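**Student:** My questions will all concern the structure given below.
The values are calculated or read from the model by the stated rules, or taken from the named source; none is laboratory data. All values derive from a computational prediction rather than experimental measurement. Cβ coordinates were reconstructed from backbone atoms using ideal geometry, including for glycine residues, and neighbour counts include every protein chain displayed. These accessible areas exclude ligands, DNA and RNA; they are computed on the full protein's heavy atoms, side chains included. Shrake-Rupley method; radii C 1.70, N 1.55, O 1.52, S 1.80 Å.
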Amino acid sequence: MALVLALAGLAVFLVVPPFLPEWITFLLTLAWAKALAVLGIVLLLRGGLLTFGHALYYAVGAYTAGFAVKFLGVHDGLVALVLAVATGAGASALLGLLLARYRGVHFGLLNLAFSMVLYAILLKFYAVTGGTDGLRLPTPLLAGVKPDAQHLRLTIYYVTVVLAALLLYVAHRFTTSPLGYTLRAVRDNEVRVEYMGASVSQAIYCSYIVAGVMASVGGVLAGFSVGHIVPEVSFWTQSGEFVFVALLGGTGSVLAPVAGSIVFEFVRNYAFKYSPYTWQMTLGIVLLIIIFFLPGGLWSLTGIARRWGLTTRRWSR
Amino acid sequence: MSAGLTFTYGVVRILNLAHGNLYALGAYMGAWLVLGWGSSAWPALSYLLLLLAAVFIGVTAGPVIERLFLRRVYGKEEEIQILLTFSILLILEDVIKLAWGVSPLFADKPYTYMGVVRLGGVDYAGYPFLLTGIATVTGLLLWLVVTRTRFGKVLISVITDREVSSALGVNVPRIYTLAFTLGAVLAALGGAFTAPMFSLVPGIGAEVIVVSFAVVAIGGLGSIGGAALGALLVGLARATAVHLFPELDLFAIYLIMALVLLFRPQGLFGQVEARRI
Amino acid sequence: MVLETIGLTKFFGMVRAAEDLSLTFQEGELVGIVGPNGSGKTTLLNVITGYVKPDRGRIRYQGKDITGLSPRAVADLGIARSFQMPQLYLSLTVLENLVLALAIRAGRARGFWAPLVRADRLDEARRVLEQFDLEEHATHEAGQLPEGARKLLDVALSFARRPRILLMDEPTSGVSARDKSKVMDTLVPVLKGTGVTTIFVEHDMEVVQRYAERVLAFDEGKVVAAGSPDAVLADPAVRRALLGQP
């Protein structure tokens, strides 16, 4: 039932865009790409881990693509993608060694610290990273084929949505797997997890790598759709934005980040235009409202639908 | 600054991400007052204005944040608490932009009043010495308040055991508000008195929280002595780095933090919390 | 002899939680441990399971030295424990709690592709719930359970690991007087049925007298009396230490 609904939703996203104005398609592309970074945060949140530095992996992905184009002469988007999965996994595997020991505010701020270090590096090593100018990402080839210039936006959109949908499925498998449950168990009770014979730090470490790879892929996709990357993708405000969207969508489902991300991109598109100085304040106030009144995020609104019998938990009967 | 952060954490057990914004508010308020009312005829007035700014920000913003928001999430999951202070951070960032605009604010009068000090044939600006003096005095005062006064004793009893203190008739919510306010004043004080050294731009709050978290993490959360040592280490590292590799000053801080945490995850003076089962 | 402690000693500052404890436990027996608060009952469980390191002394399990192993390693060897305050996954349902325990027992804690919930695990979890009389709560979140059911689930989670030794920390504390015998009447037949060696710490004298086969009485980290329940509870030293009677 849930699978049918998800597939139906995906079908809508595949069928409708050709009939939409180009700027909407662009926003949707960005929303899907960023949803992957948000998904990483949501996965960690299920283990009670809140990171304020997840843009780190988003930036790792984006700059991997940038460097691949600039230094390795890679022009195929799919090759850049594979490279980004590798660097995302590598970076999170390395930092995870240190971070998997921490919880709560330590975890959140250490992640923030590392993402700011990356930001400083991206900013200051001008020769390699282009500094504040950033790097340009030209239109990629896709498996050797040059996309039709007329339908460029749409092509990138489809690649993004299909890849993101695949990763959503991976995330879904993850959350229903023993490791996904162990992670939730870690949030509930670490002592019991260890006494049951499972390793808390291993569960966190593995999940951290999965979350890092998700964000890294999101970074590549967003990079190619914008065509240009700047150090700000690693700045704390970017991480904060991801956290915000994670909370906005809720942690109840792997689909929630997509819903949250789409709502967010469209609202920002308008709000930023009318009142740039109060944008963060608006985010802060909405976040307060979510914390106090809607702790499950927008996704918890579907709980109302569930009560009407529209969806059911499959195996609980 | 870091003392304020670790102080409020010790009491309230919530690490306040908006602490950097209180620092920024103090800085802006101080600079604004000095620009508006400071006069070169009476230099001492500008220092008084800085102090006034800090106290004003501390005693207005502190209680409001604690009473209105933090109070509702004591005892909830840590993620919720962090998120709450994060949303306050976002709001305050824009409050600063709305109140003082986005163009840099530069009030260096208090800095130039101090002139230069000649030490061993080299000229040093006088203001950093004053700043060091103020930090030392504040640290000493804080230590005296915590160890020598009734308020300090009550505070320590609340930190050690909230339930027992409350049973003994301590008004715990009141202590929380007071402690949080004190922490806010410390943050604003740090901001106000460093303001004359830099030009103020939006976003300094967030930068400051990252650095001061590094300081606190090195020292160990909740330990004031640790925060002082952490600040010293970070200051030295930064100075060395600026001297040797100007690109890497931020890097140096985090390198130290990573090294310390690698070998002592709880920080130099932090204590491991054992869970009773 | 399945478990043995040799000269186990643990001080917390001035408090003697264990002093030169040399104990032996036989395969399949049901041993009760009594003693006043702070006499070192829970510490013994913590030390055996590796949660607390002893100052001195060794622990041998099936002839193997297990001193200093982590709780996880001890659990893997077949020693499980329950807790005075139930340690459950409060946001998971009762079934999910158990199914996860079964998956971890099978060494699948790191599997991240195949679903946790499988028909065979579900069946086994349901059987355990039946044994522990918890079927009616199967789909409830653990956080919503009444105290008695939490206690039972806490033991069930440890039991589902099919341990050789089960350590229970006050299985009836926090349960109303009326339900105490219900909890024990559910537990004891299940445990005896599988031949697991059970050591349980208990405050309630009546419970110990009725259900334990052998009793150890603790005071200040030492065993002051040992033997059959009737004999130990009649011992004047025990009555003094436990009940404050002259």
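**Student:** Within region B:208-260, which residues are at pLDDT below 70, part of a helix (DSSP H, G or I), within 11 Å of chain A (Cβ to nearest Cβ) and within 25 Å of B:L22 (Cα to Cα)?
**Tutor:** Result: B:D249, B:L250.
**Student:** Scanning for something within 7 Å of chain C (Cβ to nearest Cβ) and touching a strand residue (DSSP E or B) at 6+ places or on another chain (Cβ under 7 Å), does region A:139-152 turn up at least one residue?
**Tutor:** no
**Student:** State yes or no: is A:A62 open to solvent by less than 10 Å² (accessible area, probe 1.4 Å), in contact with a strand residue (DSSP E or B) (Cβ under 7 Å, 6 or more places away or on another chain) and at pLDDT 95 or above?
**Tutor:** Criteria met by A:A62.
**Student:** Of the conditions (1) modelled with pLDDT of 75 or more; (2) open to solvent by 20 Å² or more (accessible area, probe 1.4 Å), B:A187 satisfies every one except a single condition; which number is it?
**Tutor:** Here B:A187 meets the rest and fails (2).
**Student:** Something else about it: What tally of residues in region C:172-195 results from selecting those that are buried (at least 24 other Cβ atoms within 10 Å of the Cβ) and in a helix (DSSP H, G or I)?
**Tutor:** Total meeting the criteria: 1.
**Student:** Going through region A:1-58 one residue at a time, which ones are over 21 Å from the mean Cα position of the chain (by Cα) and in a loop (DSSP other than H, G, I, E, B)?
**Tutor:** A:M1, A:V16, A:L20, A:P21
**Student:** Can you pull out the residues in region B:53-105 that are open to solvent by 40 Å² or more (accessible area, probe 1.4 Å), at the interface with another protein chain (Cβ under 8 Å from one of its Cβ atoms) and closer than 20 Å to B:A179 by Cα?
**Tutor:** Passing the criteria: B:F69, B:R72, B:E78.
**Student:** Take C:A119 and tell me if it is open to solvent by less than 20 Å² (accessible area, probe 1.4 Å) and closer than 21 Å to A:H172 by Cα.
**Tutor:** no
**Student:** Among all residue pairs at least 6 apart or on different chains, which show Cβ distances below 6 Å where the first residue, located in region B:186-203, is farther than 18 Å from B:D94 by Cα and the second is of a type in the set (V, I, T) and modelled with pLDDT of 80 or more?
**Tutor:** Pairs that qualify, where the first residue is farther than 18 Å from B:D94 by Cα and the partner is of a type in the set (V, I, T) and modelled with pLDDT of 80 or more: there are none.
**Student:** Now for a different question. Which of the residues spanning region C:46-79 are touching a residue at least 24 places away in the same chain (Cβ under 8 Å), farther than 16 Å from C:E4 by Cα and open to solvent by less than 30 Å² (accessible area, probe 1.4 Å)?
**Tutor:** Within region C:46-79, C:V52, C:A75 meet the criteria.
**Student:** Quick check on region C:29-45: of everything there that is open to solvent by 20 Å² or more (accessible area, probe 1.4 Å) and part of a loop (DSSP other than H, G, I, E, B), which residue is farthest from C:A241 (Cα to Cα)?
**Tutor:** Among those residues, the one meeting the criterion is C:E29.
**Student:** Tell me whether region A:197-215 contains one or more residues that are open to solvent by 10 Å² or more (accessible area, probe 1.4 Å), over 22 Å from the mean Cα position of the chain (by Cα) and more than 7 Å from chain C (Cβ to nearest Cβ).
**Tutor:** Yes, region A:197-215 contains at least one residue that is open to solvent by 10 Å² or more (accessible area, probe 1.4 Å), over 22 Å from the mean Cα position of the chain (by Cα) and more than 7 Å from chain C (Cβ to nearest Cβ).
**Student:** With the requirement that a residue be more than 11 Å from chain B (Cβ to nearest Cβ) and within 21 Å of the chain's Cα centre (by Cα), what does region A:112-133 give you?
**Tutor:** Residue satisfying the conditions is A:L122 alone.
**Student:** Separate question: List, please: which pairs have Cβ atoms under 7 Å, are six or more places apart or on different chains, and start with a residue in region A:192-203 that is within 21 Å of A:L97 (Cα to Cα) and end with one that is in a helix (DSSP H, G or I) and among the hydroxyl-bearing types (S, T, Y)?
**Tutor:** Close Cβ pairs satisfying both conditions: A:V193/A:T182; A:A198/A:T182; A:A203/A:T182.
**Student:** For region C:19-35, state whether one or more residues are within 30 Å of C:L134 (Cα to Cα), at pLDDT 90 or above and acidic (D, E).
**Tutor:** Within region C:19-35 (the criterion being within 30 Å of C:L134 (Cα to Cα), at pLDDT 90 or above and acidic (D, E)), the answer is yes, since at least one residue qualifies.
**Student:** For region B:7-17, check the following and say yes or no: at least one residue is hydroxyl-bearing (S, T, Y), surrounded by 24 or more Cβ atoms within 10 Å (Cβ to Cβ) and at pLDDT below 75.
**Tutor:** yes
**Student:** Among the residues of region A:176-195, is there at least one that is more than 14 Å from chain C (Cβ to nearest Cβ) and within 27 Å of A:A8 (Cβ to Cβ)?
**Tutor:** No, region A:176-195 contains no residue that is more than 14 Å from chain C (Cβ to nearest Cβ) and within 27 Å of A:A8 (Cβ to Cβ).
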